[in-house]
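This report concerns only the one structure given below.
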Amino acid sequence: MEIPSIMSDLALILISASLTTLLFKWLKQPVILGYIVAGLLVGNQFQLVPTVSDFSGVRVWADIGVVFLLFALGLEFSFKKLLSVGKNALVASFVIIVGMILLGFAVGMSLGWGSTNSIMLGSMICMSSTTIIIKAFDDLDIRGKKFTRLVFGILIFEDLLAILLMVIISTMSVSKTFEGTGLVIAIIKLGFFLVIWLVLGIFFLPTFLNSAKKMLNNETLLIVALGLCFGMVMFATHVGFSSALGAFVMGSIFAETMEAERIDFIVKPVKDLFGAIFFVSVGMLIDLNILIEYIVPILVISASIVVGQIFFATCGVLLSGQSLRTAIQSGFSLTQVGEFAFIVASLGTSLGLIDKFLYPVIVAVSVITIFITPFMMRLADPAYGFVVDKIPANWLEMIERKRTSTVKEESVWKSLLAQILRIVCIYSVVIIAIIAISVIYINPFITSFVSGVAGKILAASVSVLLMSPFIRALVAKKNHSKEYRYLWALKKTNWIPLVLLTLVRVMLAIGFISFVLYSVFNHVGIILVFSVSALLICLMMFSKLLKMQSIKLERRFISNLNLREHELQRAKEERSTFDSSQLEKSLSIYDLHLADFTVSADAPCCGKSLIELNYRTRFGVHVMSIMRGSRRINIPGGKEIIFPSDKILALGTDEQLQSFKGELEFDDSCRPDAGNMKEVSLEQIEITKGSSLIGVSIRESGIRDSAKCMVVGIERNACAMVNPDVKTEFMAGDIVWIAGEKDKIEELRSKGTAVEK
C-alpha cells in the first residue's frame, strides 16, 4: 500500500523538527530557530537528507498553522486589555512603528530595492516578537520588573498593527503601490468589520456558551471553538479579508468570555503542531545562495534593527512619561524581528508584492536578531549606567521633571468627547450594518410578497424598527451624564458646544433614517423624507418602551463584556481595600511598583510569620496583600504566617523585588539528598516458633511506632486477612505482609522478632 505524499512529508517534517528542537532546547535557544533549521534541512537545499516532495501540500498545512497562530493570538488579545495598557504603550508603540517603517524604507531604498520592497521591509521590521520576548524574560528571570508590563503593552499594539498591515498589503496587491483612496476605503472597511463582529460576538457568544455550559466538555468545546474560528475565516475571506484576520477576530471574541483560558489550554497542542509546520515551511523557503549573495544587506538590516529599536523605543517610552531606566530597558528588549514578519513576508510573496530574495533575507535577519535578544537584554542596565554617566545633569533633571508632570487627571471635556466618540462609532457601525441587511435582503424580500405602496411602507417600517433602539442610544446617550451636567452647570459658554454635540448626533441619526426611507421611496422629495425622519426621531426620544429596550440591550452587552472579570473576581474574592493601579501611578516617579510572586513549597519563608521574616528591613519591600486559595488578606499583620503556594503582592523597586523573589523560591539547601529519598517496599515475613511476637497484638508489637512499619495483611491457615484489626494477635506460622523502609524491616529481623520465610 502506497502512502500519500502529504503523509510522508508530514512525517519527515515532524521528525526533523523534533530533532532540531531538542538540539536547540539543549543549547537553550528558542525552538523557532530549530523549526527554521529543520525546514532548511528538509527543503531542496541539501541532497544528503530526505526532502519534502509536495511543497503545495505543505503550504496548505502552513496556512492552517497561520490560522491557529492568529486564533491563539486573538485569545490572548483583548480590547479591554488594550485600553488597560493605557496611553504610555500607545505613544511608545506609535513612535516605534512609524520610526522603524521609515528606517526600513530608507535602508531598502539605499540598497536599491525599490519602493515596494522597501515599504514591505519597513513593515516587517517594525514588529518585535512576543514569543521570544516572553521566553527571554523567563529565562533571565526579569518578568516581574516594572518595564516588562510596558513592553507587553507595546507588543499588543504592534500585533494590532500587524492585522492592519495584512489588510493594507491586500490592497497593494492590485496596483503594486499604496493607493490613497483604496487604502482609506480598506481601513474603513476593516474598522467596520472589526466593530460589527466584536459587538455581535460579545452580545451573543457569552450567552450561548453559558447556556450550553453543561454540554461543553473539552472535546465539544474544542470542536465548537475551532468550528466558529474556521467559520469566521470563511466569512472574512468571502468579504475580501485574509483568513488570518478572521481567525484573529474570532479569538478576540472568545477572549472576552469565561471560557477563554480553557479554550487556550485545549487549543494549544493543535496550535503548536500546525505552528511548527508553518515555521518549518518558512525554513524551506530559504535559499542558501541568496543568503550568501545578500550577506552584507542582511548584516546591515540586522544592525539597523538593533540600533533603530533601541533609539525609537527609548524615545517613545520617554515621550510616554516613563523613566530613563525603563525606556532603555524597553528599547534593549525589543531588538528582534518577530514571527509576524514571516506571515507578512509570506503574504507579500504569495501576492507577488515582493521579490523572492526578500523572504530568505528577512528570515536570516530574524534568526540573527532572535539569537542576540538575551544578550541585548543583559546589556540594558550597563547601557543605562553608561548613559547616566555621560548625559549632562541638567538633561537628566529635565527628563525626570517631564516624567513627573505627565501624571495628571484628564479634563472633563476630554472624557466626555471620548465617550461620545466611542458611542457614535459603535452605534453607527451597527446601524449601517442593519441598513445594509435591510437594503440588500429584507426590503426586496418584503416587497416581493407585498407589492405597491403597502409593501414599501412595511419594508421601511421594519428597517426603522430594527434601527430604532440604536438610533435612540446614538442620540440620547451621555446627554444626562455627570460630565455633561457638570460642564453645563460650570459656565454658560459651555452651553453652545454641548448643544452642538447633541445636534450633530441628531443630524447623523436623521441621515441614517433618511437613507432608508429614500432607498424605499426613491421618488419622494428630500424635504419630505427629512421631515419624516425628524418626526420619527422625536417619537423615538419620547418612547418609554424604546428607552427600556435600548437600556436592556446595552446592559446585556456590558454584562457579557464584563462577565469574565466579574466571575474571576467573585471566584477569587479579589476585592481590594486599596486601588493598586492608582497607587502604582502615584509612586511611579520613585520607580516603585507592584509585583506578585508565588511562594514555593520549599521556600525558607514557609511556616514563618511576617514579623520573623522582617521583609521591610531586609529587602526594603512592603507586603501589600496575600492571596491564599479563595481568600485575600490585604495589608497583613506581623503575625500572619506564610504558607506554600501563597501569592504575595509586594511593593518595591526592581532591585528590591528581585532580591525579595529569591526568598520565595525553591531553596536548594533544602533539597533532600539521595540518602533521605528512601522508598517504601512491601515484604513478606513468617512468624516462626519461639518468636517474641507470638501472642502479641499488632498494636502491642510496636511495629508501627518503633519500627515505622505497617502490617497490611496476614495469611493464616490458607485464609487472608487484609488490613487486620490492631487487636489481632500474631500466631506461629503466620505469613505477615509488612510495608516500610527496607532498613527498618531489616532492623526488625536483626532483633530476632521474625525470620524470613
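The values are calculated or read from the model by the stated rules, or taken from the named source; none is laboratory data. Worth saying up front: this structure is predicted, and the values here are computed from it rather than measured. A quick note on method: Cβ atoms are made from the backbone with ideal geometry, for glycine too, and the neighbour counts reach across all protein chains shown.
Numbers at a glance
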{"item": "Every residue from the stretch 374-397 that is within 19 Å of Ile133 (Cβ to Cβ) and acidic (Asp, Glu)", "result": "Asp381"}
{"item": "Residue tally, condition modelled with pLDDT under 85 and assigned to a helix (DSSP H, G or I), over the stretch 124-150", "result": "16"}
{"item": "Qualifying positions in the stretch 240-265 - hydrophobic (A, V, I, L, M, F, W, C) and more than 29 Å from Leu351 (Cα to Cα)", "result": "Phe254, Ala255, Met258, Ala260, Ile263, Phe265"}
{"item": "Hits in the stretch 722-750 - residues which are over 60 Å from the mean Cα position of the chain (by Cα), part of a helix (DSSP H, G or I) and touching a residue at least 40 places away in the same chain (Cβ under 8 Å)", "result": "Arg749"}
{"item": "Single residue of the stretch 350-368 satisfying the filter (in a helix (DSSP H, G or I) and either at pLDDT below 80 or within 23 Å of the chain's Cα centre (by Cα) (or both)) that is surrounded by the fewest Cβ atoms within 10 Å (Cβ to Cβ)", "result": "Ser350"}
{"item": "The stretch 227-256, residues that are more than 16 Å from Leu160 (Cα to Cα) and surrounded by 20 or more Cβ atoms within 10 Å (Cβ to Cβ)", "result": "Cys229, Met232, Val233, Ala236, Phe254, Glu256"}
{"item": "Filtered residues of the stretch 686-710 (kept if more than 11 Å from Phe730 (Cα to Cα) and under 60 Å from the mean Cα position of the chain (by Cα))", "result": "Gly702, Ile703, Arg704, Asp705, Ser706, Ala707, Lys708, Cys709, Met710"}
{"item": "Cβ pairs under 7 Å, 6+ apart, first in the stretch 413-439 and touching a residue at least 60 places away in the same chain (Cβ under 8 Å) and farther than 19 Å from Leu465 by Cβ, second crowded, with 19+ Cβ neighbours inside 10 Å and aromatic (Phe, Trp, Tyr)", "result": "Leu416/Tyr484"}
{"item": "Test: residue in the stretch 257-269 that is among the polar types (S, T, N, Q) and either in a loop (DSSP other than H, G, I, E, B) or touching a residue at least 24 places away in the same chain (Cβ under 8 Å) (or both)", "result": "yes"}
{"item": "Every pair of residues 6+ apart whose Cβ atoms lie under 8 Å, when the first sits in the stretch 441-461 and is free of Cβ contacts under 8 Å to residues at least 40 places away in the same chain and in a helix (DSSP H, G or I) while the second is surrounded by 13 or more Cβ atoms within 10 Å (Cβ to Cβ) and among the charged types (D, E, K, R)", "result": "Thr447/Lys456"}
{"item": "Conditions (1) surrounded by fewer than 22 Cβ atoms within 10 Å (Cβ to Cβ); (2) outside any helix (DSSP H, G or I); (3) in contact (Cβ under 8 Å) with a residue 24 or more places away in the chain: number failed by Gly112", "result": "(3)"}
{"item": "Any pair with Cβ under 6 angstrom, 6 or more apart, that starts in the stretch 706-721 at a residue that is over 18 Å from Gly740 (Cα atoms) and ends at one that is outside any strand (DSSP E or B)", "result": "Arg716/Asp734"}
{"item": "Those residues of the stretch 600-611 which are at pLDDT 85 or above and either in a helix (DSSP H, G or I) or charged (D, E, K, R) (or both), in sequence order", "result": "Lys608, Leu610, Ile611"}
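The rows are residues; the columns are (1) modelled with pLDDT under 80; (2) surrounded by 17 or more Cβ atoms within 10 Å (Cβ to Cβ); (3) in contact with a Phe, Trp or Tyr (Cβ under 6 Å, 6 or more places away or on another chain).
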{"site": "Leu22", "(1), (2), (3)": "no, no, no"}
{"site": "Lys25", "(1), (2), (3)": "no, no, no"}
{"site": "Lys28", "(1), (2), (3)": "yes, no, no"}
{"site": "Leu33", "(1), (2), (3)": "no, yes, yes"}
{"site": "Val37", "(1), (2), (3)": "no, yes, no"}
{"site": "Phe46", "(1), (2), (3)": "yes, no, no"}
{"site": "Val67", "(1), (2), (3)": "no, yes, no"}
{"site": "Ala72", "(1), (2), (3)": "no, yes, no"}
{"site": "Val85", "(1), (2), (3)": "yes, yes, no"}
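To keep it simple, each residue is scored yes or no on (1) polar (S, T, N, Q); (2) modelled with pLDDT under 80; (3) out of contact with any helix residue (DSSP H, G or I) (no Cβ under 8 Å at 6 or more places or on another chain).
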{"residue": "Val475", "(1), (2), (3)": "no, no, no"}
{"residue": "Leu503", "(1), (2), (3)": "no, no, yes"}
{"residue": "Leu508", "(1), (2), (3)": "no, no, no"}
{"residue": "Ile513", "(1), (2), (3)": "no, no, no"}
{"residue": "Leu517", "(1), (2), (3)": "no, no, no"}
{"residue": "Ser531", "(1), (2), (3)": "yes, no, yes"}
